[in-house]
Amino acid sequence: MVIFGWRTTIEQIRMLTLVCGHCHHQSAHNLFRRYTKPTIFFIPLFTISSKYGLQCTFCGVSYDISKMHAHQLV
């Protein structure tokens with residue numbers, strides 16, 4: 001019996017002070033990377049999907065951004 005699955009991990013890259021596009025407050029934003037790996041017997045193998053995002057700490061809204069935009073913010 002082979003146990004196969006997926007593991008999604010969120011990695012915080014940096015905290016930034018930006019104006020939120022949703023609530024229009026200047027607040028801290030969490031810049032993060034979310035990546036997914038297939039697993040066999042609970043051992044992660046390789047990255048198959050990687051996405052970047054920002055989350056406002058004031059209102060909690062989260063949205064995806066491009067890899068190029070994330071590297072410009074860092």
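The values are calculated or read from the model by the stated rules, or taken from the named source; none is laboratory data. As the structure is a computational prediction, the values presented were derived from the model and not from experiment. Here the Cβ positions follow ideal geometry from the backbone for every residue, glycine too, while neighbour counts run over all protein chains shown. We work out accessible area using only protein heavy atoms, side chains counted, and drop any ligands, DNA or RNA first. Shrake-Rupley method; radii C 1.70, N 1.55, O 1.52, S 1.80 Å.
Points to keep in mind about this one:
- Scanning segment 16-44 for residues that are without any contact (Cβ under 8 Å) to a residue 24 or more places away in the chain and either over 25 Å from HIS71 (Cα atoms) or part of a strand (DSSP E or B) (or both), we see that the one that is most open to solvent (accessible area, probe 1.4 Å) is GLN26.
- Applying the criterion of being open to solvent by 80 Å² or more (accessible area, probe 1.4 Å) and among the hydrophobic types (A, V, I, L, M, F, W, C) to the residues of segment 1-15, the residue that is farthest from the chain's Cα centre (by Cα) is MET1.
- Restricting attention to segment 45-59, the residues being hydroxyl-bearing (Ser, Thr, Tyr) and open to solvent by 50 Å² or more (accessible area, probe 1.4 Å) number 3.
- Of all residues in segment 1-13, those that are in a strand (DSSP E or B) have Cβ atoms under 8 Å from Cβ atoms of residues that are small (Gly, Ala, Ser), 6 or more apart or on another chain, in ILE13/ALA70.
- Of all residues in segment 13-32, none satisfies being of a type in the set (Phe, Trp, Tyr) and modelled with pLDDT under 95.
- Being closer than 27 Å to THR17 by Cα, outside any strand (DSSP E or B) and of a type in the set (S, T, N, Q) is a description that applies to GLN72.
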